[in-house]
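A.B. asks: Attaching a single structure in structure tokens format; questions to follow.
What follows draws every value from the coordinates through simple rules; no lab data is involved. All values reported here derive from a predicted model rather than from experimental measurement. Heads up, the Cβs are rebuilt from the backbone with ideal geometry, glycines too, and the neighbour counts pull from every protein chain shown.
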Amino acid sequence: MIYIAIILFAIFLDQYSKYLVIAHIKPIDTLPLIPDVFHLTYVENTGAAFSLMTNKQIFLILMTLVFIGVLIYFLIKIPDTRENRIINISLAFIIGGAAGNLLDRLRLNFVVDFLDFRVIKFAIFNFADVFVVCGSIILIIALFNNKNFLENSDFGPLE
């Protein structure tokens, strides 16, 4: 149940923040919170991360659906034990983030990005991206720390 709550929270935070950005930032294009360091900047991204695969919406939608389906399968299959809890939480973060961007693609035919860290000249992104990246980092760390994960699961050892 906690995993469903995490997924729904990630989707809500992502979609509500994008609603606010469309309503308040889109008309002015950018809002400097810390000038030349951090702005809220409205961007319509028709690609994936770093605008890769621009204008390939059908492909990105299908890949995201498959990706979410596989992660939900793992979330269901991985036993909800104490040692697997962080793995399952990280999967819920990734699913929630992927679903947030998927909703944009289905509704708008693009993803709304707005977090603009100009000081490091990084790609503009959104909260869904934050959930996917943080969930992925947590998943990698959790898998390295849970050395018995593959041996104690239905997935079997890697050979």
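A.B. asks: Which order do the peptides 109-115, 51-57 take when ranked by the mean count of other beta-carbon atoms within 10 Å per residue, highest first?
C.D. replies: 109-115, 51-57
A.B. asks: Kindly provide the helix-only [θ] at 222 nm of the chain, computed as the sum of -39,500 (n - 2.57) over DSSP H runs of four or more divided by all residues, to the nearest 500 deg cm²/dmol?
C.D. replies: The per-residue figure over the chain is -18000 deg cm²/dmol.
A.B. asks: Related question: Quick one: angle between helix 2-20 and the longest Cα principal axis of the chain, in degrees between 0 and 90, rounded to 10, please.
C.D. replies: 10 degrees
A.B. asks: Students often forget the sequence filter, so: which lysines lie under 29 Å Cα-Cα from LYS56 once same-chain residues fewer than 8 apart are removed?
C.D. replies: Answer for LYS56, where 29 Å is the Cα cut-off: LYS18, LYS26, LYS121, listed by chain and number.
A.B. asks: By how many degrees, between 0 and 90 and to the nearest 10, does the Cα long axis of helix 127-145 differ from the longest principal axis of the chain?
C.D. replies: Helix 127-145 and the main axis of the chain meet at about 30 degrees.
A.B. asks: Can you give me the angle between helix 57-77 and the longest principal axis of the chain, using Cα atoms only, in degrees from 0 to 90, rounded to the nearest 10?
C.D. replies: With rounding to tens, the tilt is 30 degrees.
A.B. asks: Which residue fluctuates the most in the chain, going by a Gaussian network model with Cα springs under 10 Å, if the choices are ASN146, ASN45, ASN101?
C.D. replies: ASN146
A.B. asks: Hey, what's the Cα Rg ratio for the chain versus the globular rule of thumb, 2.2 N^0.38 Å?
C.D. replies: In units of the globular-protein estimate, the chain measures up at 1.15.
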